[in-house]
1. Go through the residues of the stretch 101-111 one by one and say whether even a single one is farther than 24 Å from residue 159 by Cα, crowded, with 17+ Cβ neighbours inside 10 Å, touching a residue at least 60 places away in the same chain (Cβ under 8 Å) and hydroxyl-bearing (Ser, Thr, Tyr).
2. Name the pairs: first residue in the stretch 26-52 and touching a residue at least 60 places away in the same chain (Cβ under 8 Å), second residue open to solvent by less than 40 Å² (accessible area, probe 1.4 Å) and of a type in the set (Ser, Thr, Tyr), Cβ to Cβ under 7 Å, at least 6 apart or on different chains?
3. Within the stretch 157-170, how many residues are β-branched (Val, Ile, Thr) and open to solvent by less than 80 Å² (accessible area, probe 1.4 Å)?
4. Can you tell me which condition residue 94 does not meet? The list is (1) in contact with a Gly (Cβ under 9 Å, 6 or more places away or on another chain); (2) in a loop (DSSP other than H, G, I, E, B), and all the others hold.
5. Anything in the stretch 74-88 that is under 16 Å from the mean Cα position of the chain (by Cα) and in contact (Cβ under 8 Å) with a residue 60 or more places away in the chain? List them, or say none.
6. Please enumerate the residues belonging to the stretch 100-156 that are within 18 Å of residue 68 (Cβ to Cβ), assigned to a loop (DSSP other than H, G, I, E, B) and of a type in the set (D, E, K, R).
7. Can you go through 138, 105 and tell me which one is closer than 16 Å to residue 45 by Cβ and out of contact with any Leu (no Cβ under 9 Å at 6 or more places or on another chain)?
Amino acid sequence: MMAQTPSESSEAYIALGANLGDPEAQMMRAAALLGEHPQITLLRSSNLYETDPVGYLDQPNFINMVLAVKTTLTPEALLTVMQDAELALGRERNIRFGPRTVDLDLLWMEGRSMDTPFLTLPHPRMFERAFVLVPLSDIVSEGEASGLYERVRAALDLVDGKDGVRFWKTGSLPSGLGHSEN
């Protein structure tokens, strides 16, 4: 893992998904909670996509999106902030791959690799999931330095399930937080 000094910032990508209650509102609340943290700046939002459930199929379709953020937090600290946001929004972990009010996954943080009991980076299944790759491809720029753009493009060519990911709505960041480059 690369060391990070307190003043050094990293760009990270966070997947958001929900299929209970008002999924869009829940994801916007989660994004707002992240953006209110003094060490997190919201940069970009993907479009929102309606996606078929994966794994546990007896549940409503999901709405998914990906955020790009800039942070001075370590990956572990960022994950803790994300989990706190999930809890604040009523997330319960009852069924693996089951229905949820909101789910946040740390996908990538400037090419860092780590595998601890708490966190694996890059996310271990991100390159196998169309519901992650399609929105991620909306916001990863061709010129980014970590190699993510090329990996996302290559994975999109190979991944199954793209037909289960349907454009739902143009994405935007919560009002007054960060700035959108879309």
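1. Checking the stretch 101-111: at least one residue is farther than 24 Å from residue 159 by Cα, crowded, with 17+ Cβ neighbours inside 10 Å, touching a residue at least 60 places away in the same chain (Cβ under 8 Å) and hydroxyl-bearing (Ser, Thr, Tyr).
2. 26/101
3. Of the residues in the stretch 157-170, 2 are β-branched (Val, Ile, Thr) and open to solvent by less than 80 Å² (accessible area, probe 1.4 Å).
4. (1)
5. Correct list: 75, 78, 82.
6. 110, 112, 129, 142, 144
7. Working: 105 fails: out of contact with any Leu (no Cβ under 9 Å at 6 or more places or on another chain).
Going through 138, 105 in turn, the sole match is 138.
Yes/no per residue for (1) out of contact with any Pro (no Cβ under 7 Å at 6 or more places or on another chain); (2) of a type outside the set (A, V, I, L, M); (3) open to solvent by 50 Å² or more (accessible area, probe 1.4 Å):
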site: 117; (1), (2), (3): yes, yes, yes
site: 123; (1), (2), (3): yes, yes, no
site: 132; (1), (2), (3): yes, no, no
site: 138; (1), (2), (3): yes, yes, yes
site: 145; (1), (2), (3): yes, no, yes
site: 155; (1), (2), (3): yes, no, no
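The values are calculated or read from the model by the stated rules, or taken from the named source; none is laboratory data. Keep in mind that what you see is a predicted model, and the values were worked out from it rather than measured. Cβ coordinates were reconstructed from backbone atoms using ideal geometry, including for glycine residues, and neighbour counts include every protein chain displayed. Ligands, DNA and RNA are excluded from the accessible area calculation, which covers all protein heavy atoms including side chains. Shrake-Rupley method; radii C 1.70, N 1.55, O 1.52, S 1.80 Å.
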